[in-house]
Structures are given as C-alpha cells and as structure tokens.
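For reference, the structure discussed in these notes is given below.
Derivation of every value follows stated rules applied to the coordinates shown; laboratory data play no part. Only a predicted model underlies this, so the values are computations on that prediction, with no experimental measurement involved. Note that each Cβ is placed from the backbone with ideal geometry, even for glycine, and that neighbours are counted across all protein chains shown.
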Amino acid sequence: MTRAQLILVLGAIALVVILFQLPRSVVENEQLQEVTATESHSMEIPQEVETQINELRRLLEEEDNIDKKANFAHSLARRYLDYGVVDSAASYADKIQEWAEGPSERAADIYFTAYERSAGPEQAKKYALKAREILQALLDKDPGNLVVKNRLAMTLVVSENPMAGINMLREILVVDETNRQAILNLGLLAIQSGQFDRARERFENLVSMDSADHEAKLYLAVSLMEINQQSQARLLLEEIMATQDSIPAIKMMANDYLNSL
C-alpha cells in the first residue's frame, strides 16, 4: 500500500487528519525526515442541518444567560465541524472564550477539533496554538486530567518543540500504562513516520487490552500490511467486517484495504 493510498483511506477518521499534518521529524526515535501534509475540505451542509443551524443561531441571539449562550454556540460550532467548516466553528469558540471568566473547556474542544480537521498545515497550526493556550491553562488547574494532557500533547507536536508532545504522551503512560488515547496517538505517530514495527507494537497492545477495539485493529492491519504481513492483516480486516458494532467509517476503510490485498 502506497503512502498516498494510506492517506486517502485513513483520512476518514478525524484524528488522522492531524496525523498527516504533523512534521515527519516527529518520530519516537527523533530521526529527522521530510515534512509532509494532507488537505481536508469542507462538505456541503444538508438542508436539515442548515435548519438546525438557523434555529441555534436564533436561540443564541435571544438568550441572555451566558452559560446557555455558550451551550448554543458550542452546538453551532459542532455542527460546522461535522462538515469541515472550521473557520465558522472557530468563530464561536472565540465568542465562548470571550464570555468565559477563565479557560473554557468548550472553547478548547472546538479549537482542538478545528485543528484536527483543518485544510492544511498553516490552518492546523493556528488552531493548535489557540487550543494549546487553553488546554495548558486547564491542565495547570487540573494536572491529573489525562484527557486534556493527551490533547495538549497532540497540539505540541506541531509546535516549535514537537518532542515536548511526544514526551508528554510518554509521561501519560508512566502514570497510566494502559491509557488508550496516549497509546493510540503514539501508534499513529509511528505510522506517520514510517516506523511500522513500532506502530504494530502499539496497536497490538491496544487489541490485547480490548479485542473489540476495531479502530486499533484497523491500524494494526495497516502496520502489518506495511511490513509485508498481508495474511495476518487480512484476518484482522475480515474480523472488522464480520462485526456488527464497527463504526461505519472503520468498516468502509477495512473493506477498501481488503479489496487492495
């Protein structure tokens, strides 16, 4: 499977948009490689969703309570993010943060997802920075919040000090060696940097922790395909296709990979 095919197939999962926007110098062994990026694009918003957006706008304009206004703004932003309209979504995060008395988890959520779904590396860096500032403040208030720490780490890997993000993910695993998100993030970084044996180890760990983790199975299959272990990859992909509870996007990608074998 070529790098271009990998990008196209994995691009359906939001986190992997981050993955292929990261500088390829961000690898676990700190080996320097070339920089690469991918692009995502906004989709046409269906009429029924436009109706929901207009109603949320009306409710937002008529509401005086700041907390309720922030809820409406967050809901509006999430609608836009679902269809890749990241700049419109981020404008609502700006409002939420203006209204907040301190760092807003809702604004951080929007900025981070905007970072995930940005159309290119410059836009991604802009929203990563906005997310990072709030996430750092949230982590300062609650140092044990590993969800915030995972997100902060993934914004740091597109900063001027990318290894700070890698080290932060490793710190999470020192505290919680079974932290799924940290293991997943490190595995995705390993795939992105071409360290497929290392990626295989990460995803094998996740599958051993939860045999129903179909996302981890998919990435494990990708790693195996890249190290020419197609028969093992096929078995994993067939397992994903045979289950009823797989996320549709994961099932679609598994099917694409099966067809390519």
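Key figures
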item	result
Size descriptor, Kirkwood hydrodynamic radius, that averages inverse alpha-carbon separations across the range 127-221, Å	13.7
Out-of-range pairs (alpha-carbon distance over 32 Å; input Lys141/Lys217; Lys95/Lys217; Lys68/Lys217; Lys69/Lys251; Lys68/Lys130)	Lys141/Lys217; Lys95/Lys217; Lys68/Lys217; Lys69/Lys251
Normalised per residue, the volume of the convex hull around the Cα set of the range 172-212 (Å³)	62
Under 11 Å, Cβ to Cβ, from Leu218 - net charge with Lys/Arg +1 and Asp/Glu -1	-2
Volume per residue of the C-alpha convex hull in the range 150-199, rounded to whole Å³	66
